[in-house]
1. In region 216-262, how many residues are open to solvent by less than 30 Å² (accessible area, probe 1.4 Å) and modelled with pLDDT under 95?
2. Looking at (1) over 30 Å from HIS7 (Cα atoms); (2) assigned to a loop (DSSP other than H, G, I, E, B), find the lone condition where ALA319 falls short.
3. Restricting attention to region 334-357, does a residue exist that is touching a residue at least 12 places away in the same chain (Cβ under 8 Å), assigned to a helix (DSSP H, G or I), of a type in the set (Gly, Ala, Ser) and at negative phi?
4. Tally up the residues in region 1-54 that are outside any helix (DSSP H, G or I) and among the acidic types (Asp, Glu), please.
5. Out of everything in region 199-215 that is more than 10 Å from the ligand (Cβ to nearest atom) and assigned to a strand (DSSP E or B), what residue ends up being surrounded by the fewest Cβ atoms within 10 Å (Cβ to Cβ)?
6. Kindly check whether there is at least one residue in region 84-92 that is part of a strand (DSSP E or B), within 16 Å of the ligand (Cβ to nearest atom), at pLDDT 95 or above and over 29 Å from LEU335 (Cα atoms).
7. Filter region 216-237 down to residues that are in a loop (DSSP other than H, G, I, E, B) and among the hydrophobic types (A, V, I, L, M, F, W, C) and give me whichever is farthest from the ligand (Cβ to nearest atom).
8. Looking at (1) part of a helix (DSSP H, G or I); (2) more than 29 Å from GLU63 (Cα to Cα); (3) open to solvent by less than 70 Å² (accessible area, probe 1.4 Å), find the lone condition where GLU268 falls short.
Amino acid sequence: MTNSIAHPEVGAEFRALRYEPDVVHLDSAAAGRASRNVVARMSEHLEREARVGGYVAHAEAAETLEQGRAAAAGLLGFAPHEVFFTESARSALLALVHNMPVEAGSPVCVVPSEFGPNLAVFASFGLRPIPLPITDRVGHLDYEASAEVIARERPAFVHICVHPSHRGLVQDVARLGAVCRAAGVPLIADAAQSFAHTPPVLGADAVYATSRKWLCGPRGVGVVGVRSGLLPAAEPLLESAEANIAGRVGFAVALAEHQTLGPAAVYERLAAIGQVARARLNGAGGWSVSEDMEEPCAVTTLLPPHGWSGRDVQGFREALAAGTAASARIVTTYLGPERAPLEDAPGALRISPHLDVTERHLDVLAAALDSA
Ligand SMILES: *Cc1c(COP(=O)(O)O)cnc(C)c1O
């Protein structure tokens, strides 16, 4: 089955670049597994820091870092001089809003599936979230009705998660971008879940992402692209001079690997993997898929059988990870309601396989769901 998924050679290449996993890893939406080369180049950089000092090592890595900036710029849809390294997606959002002329009490339009920690960032600036209208239970935006809300509310900005963290849902950012441009309101896109996973997001004034998820770079590195002129300060405080440079080197190496694998093939294969995984897992043991079966992304979220509480799902996720719920250890994510507080979504299990997933991985998980 998984051999018949688009671009099997890309899956094989992705696998060959990596250490043999000790678990069935279905958790790239939390943190993808880095390649051997990413790990090696980071550790080489740390060794250079120990041999020549951090500043000389940083200067030696300048070309790698600028190649990384240019590659990230391509994936974000910005020019290299509009792209800044941050420490995480959240620190990018904090820095963006800090640099924008927003007043406490202003509205900010968001998707109903907005990520809870992002809402906490908005609240820290005194911003009032206003959910935009959607067309279905899954949460796809209603772009025409959204245009009316945006025109009426005149928000400080519109913020969209390209994919939310708790459902395999893909929004049309370009379409929302056209709505925002017509209204003269900036659009900020959270690409934490879409970066290196689905085709680049175009049409937003700022887009931010993280290294560790679908790109499989190191933790503690994020990135943001900002259209020149969005932020009033001549030199906005976006990129720390003092940083984990080894991490940025690893990020650059992961970007180069993504380019070598072929972004278009990666996106097609990941979308096909989501469709195959949903078809395999939907209904197993009474668990049900919560997004559209055909949604073009690799994430599957499963709602538990009738009668399960969120705590039960969390316990099951722990048992899977510990290896007591199946014949192998299986790493997944428990999704609690705090991920999307505006929706009050029930607890669910997120399966986020990467390019190397096999039929056996899905069978092992399906068997565990059946006997849960
Ligand atoms: C993971 C995630 C973030 C946060 O990314 P960090 O790098 O941990 O700050 C933000 N938004 C969404 C939708 C996410 O899934």
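1. Number satisfying all stated conditions: 0.
2. Unmet for ALA319, out of (1) over 30 Å from HIS7 (Cα atoms); (2) assigned to a loop (DSSP other than H, G, I, E, B): (2).
3. no
4. Of all residues in region 1-54, those outside any helix (DSSP H, G or I) come to 1, 5-7, 17-35, 53.
Filter once more, so that each one left must be among the acidic types (Asp, Glu): 20, 22, 27.
So the answer is 3.
5. ALA206
6. We begin by selecting, within region 84-92, every residue part of a strand (DSSP E or B); these are 84-86.
Remaining after also requiring within 16 Å of the ligand (Cβ to nearest atom): 84-86.
Pick out the ones that are also at pLDDT 95 or above and you get 84-86.
When the remaining residues are screened for being over 29 Å from LEU335 (Cα atoms), the result is 84.
Checking region 84-92: at least one residue is part of a strand (DSSP E or B), within 16 Å of the ligand (Cβ to nearest atom), at pLDDT 95 or above and over 29 Å from LEU335 (Cα atoms).
7. The selected residue is ALA234.
8. Tallying (1) part of a helix (DSSP H, G or I); (2) more than 29 Å from GLU63 (Cα to Cα); (3) open to solvent by less than 70 Å² (accessible area, probe 1.4 Å), GLU268 fails exactly one: (3).
The values are calculated or read from the model by the stated rules, or taken from the named source; none is laboratory data. Note that the structure is a prediction, hence the values are computed from the model and not measured. Here the Cβ is made from the backbone with ideal geometry for all residues, glycine too, and neighbour counts use every protein chain on show. Side chains included, ligands, DNA and RNA excluded: accessible areas come from the protein's heavy atoms. Shrake-Rupley method; radii C 1.70, N 1.55, O 1.52, S 1.80 Å.
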